[in-house]
C-alpha cells in the first residue's frame, strides 16, 4: 500500500460505545476530527462524506471486537482498511509533540502513522466468513488452553504439597494423559492408591481398558519413597478428582473446537498446503493463517514474515562494533508460537529437521535457540509454499 493509492488517511481510535476519527490529506492537513457513535449509520455517513474527497484508507488500532463493525462497514463500501499495531502506535506517539493520552490525539497518531509510515501498517484481519470464524474459535481455544494450564498447575501444586516424589513421576505431559487423569479421578492421589494396593489399582485399570502399566509402576515406586503423611493430604485428595474432571472436560471441549476448525478449513485452499509440511497440523495451520490474515503476499519476503513472527534474530551493533545477536522479544505471539511448536514437533519426528536441530546444538546453542533457528529456516519454506500454493517438498535444511 503506497501513498499514491490514497487521498485521505483516516485514523480511528475505537471504543466500546464511541470512536474518534481523524482524517489527514496528502499534505498532512486535518480535514476531519470528530467523535463517532459505534453504529453503522454514523460510520457509513463519515466514510461517505470523506470518500467524496477521494480514495480513503481507514486505519484502526483494534481490528477485532470493538473494531469489527467499522472494518465491516468500510469493506462493504469498498473502502480500503488497515491495522496499526499497539507497539507501532506507541513508538509513533513518541515522535509527535505532546504527551496527552486522549482519543482525539490517538486518532491523529494513527492517521499520521498511516500517512508518514505506511510500512508500519498491517493487514486488518480476516474479511471472509471462514477466517473470521477461525479467529473466534482460535481465541476460544486459547482461553481453554489457559484454563487448562491453571487447573493443571493447581493439580501439581496439591501433589507437590502432599507427595513431591509422586508429582515428579508425572513430569511433563504425563500428568495430562488419559490414563493418568482416570487414575487420579478414581483414587485422588498416592495415599488412596497406596491404601487400595497395587494389585487393585492394576485390576481397575485393566477393567477400564487403560494402558497404564508403566505409569502405575512408577506411581507405586515413588509412593514407597515416602513413609510420612503430610498434614492436609486427605483434604487434597478429596479435591483432586474434581480438578481432574475439569481438566478432562476442557480437553474434550478443545477436541470439539479442533473438529470445528478442521471442518471450517476442509475446503480452504491453503490447508492442504500447510499441513503437507512435517510438524504442522490443522490447529497450527489455522493459527498461521489467522496470524497472516490468510494472505502471505502482504509480506514482501520470508524475512519480513519471520520478523513479524518475532523469530528473526536482532543484531546488537554500535558504530562499527557488532556485539552479537539476541532473540527478538516482539512479534506476533500467535504466529511465533505456531511456528515454534511446528519446529519442535518436526525436530522430533522429521529426519531432516532433526539433523538440523542436532547440528545447532553441536554448535553450542541451547534447546530453545536451536528450535528458533529451525523455525526460521522453515519459515522460508512456508513463505514459498503459501506464496506459490505448492505442497511441501523434501529438502536438506542449510546451516
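Computed from the coordinates by the stated procedures, all read-outs in this text should not be read as laboratory data. The model shown is predicted, which means the values in this text are computed figures rather than measured ones. Positions of Cβ are generated from backbone atoms using ideal geometry, with glycine treated the same way; all protein chains shown enter the neighbour counts.
The ranking of 77, 385, 193 by Cβ neighbour count inside 10 Å, starting from the fewest, reads 77, 385, 193. Kindly identify segment 133-263 as rounded, prolate or oblate by the Cα gyration tensor criterion: order the square roots of the eigenvalues as a ≥ b ≥ c, call it rounded if a/c is under 1.5, otherwise compare a/b with b/c, prolate if a/b is larger, else oblate. Note, shape of segment 133-263 comes out prolate. Distance between the C-alpha centres of segment 328-399 and segment 108-122: 32 Å, rounded to the whole angstrom. The value of relative contact order for the chain, using C-alpha pairs under 8 Å at least six residues apart, is 12 percent.
With the simple spin-label model, which puts each label point 7 Å out from Cα in the Cβ direction, the residue 230 to residue 142 separation comes to 3.4 nm. Restricting to the chain, what percent of DSSP beta bridges are antiparallel, rounded to 5? The answer is about 65 percent antiparallel.
Inter-label distance, residue 49 to residue 29: 1.8 nm, where each label sits 7 Å from its Cα along the C-beta direction.
Distance between the modelled labels on residue 263 and residue 72, one decimal in nanometres: 2.1 nm (7 Å Cα→Cβ projection). Normalised by the number of residues in segment 2-140, the mean separation of alpha-carbon contacts (under 8 Å, six or more apart) gives a relative contact order of 29 percent. Computed from Cα atoms, the angle from the helix 213-223 axis to the main principal axis of the chain rounds to 80 degrees.
For the chain, find the longest principal axis of its Cα atoms and tell me its angle to the long axis of helix 129-162, 0 to 90°, nearest 10. Its long axis makes an angle of about 40 degrees.
Between residue 153 and residue 349, residue separation times 0.36 nm minus the direct Cα-Cα distance comes to 67.8 nm. For the chain, the longest principal axis of the Cα atoms and the long axis of helix 103-116 meet at an angle of about 80 degrees. Please work out the FRET efficiency for the pair residue 365 and residue 161, using the Cβ-Cβ distance as r and a Förster radius of 41 Å; give the result to the nearest 0.05. Efficiency, rounded to the nearest 0.05: 0.65.
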